[in-house]
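A quick write-up on the structure given underneath.
The values are calculated or read from the model by the stated rules, or taken from the named source; none is laboratory data. Predicted, not measured: the structure shown is a model, and the values here were computed from it. Cβ coordinates were reconstructed from backbone atoms using ideal geometry, including for glycine residues, and neighbour counts include every protein chain displayed.
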Amino acid sequence: MAGPDPHDDTSADHEQLETELLAQDRDAASVTTADVDDATARSLVDDLIDADVVTPVPEDRVLVHEPSVTTFDSTTQLAVFHRGWTAGRDADAEAE
């Protein structure tokens, strides 16, 4: 009688399943920025202004994201940028 059928070998299946589950966990933990509407952006920017993370410059009609020293003329752009910036910073901290 011959040895076990190599097509019945499932020893690598658990590794593939674990890889897929880790990818799903990583996707679930990632920050989405595409769903920022005007009201959400305005609320986030107001909170950032209150926390001294963003400085409005009325005479230039811009908002300055202080930690990155990046200037924006749109609250939506600033909100999306800040979410991405925060996610990147958090990912860097987790990697350390």
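Within segment 49-88, if we keep just the residues that are of a type in the set (Phe, Trp, Tyr) and in a helix (DSSP H, G or I), the residue that is farthest from ALA39 (Cα to Cα) turns out to be TRP85.
When VAL80, VAL53, VAL69 are checked against the criterion of being in contact with a strand residue (DSSP E or B) (Cβ under 8 Å, 6 or more places away or on another chain) and among the β-branched types (Val, Ile, Thr), VAL53 stands alone in meeting it.
The conditions of being exposed (fewer than 10 other Cβ atoms within 10 Å of the Cβ) and at pLDDT 70 or above are met by ALA51.
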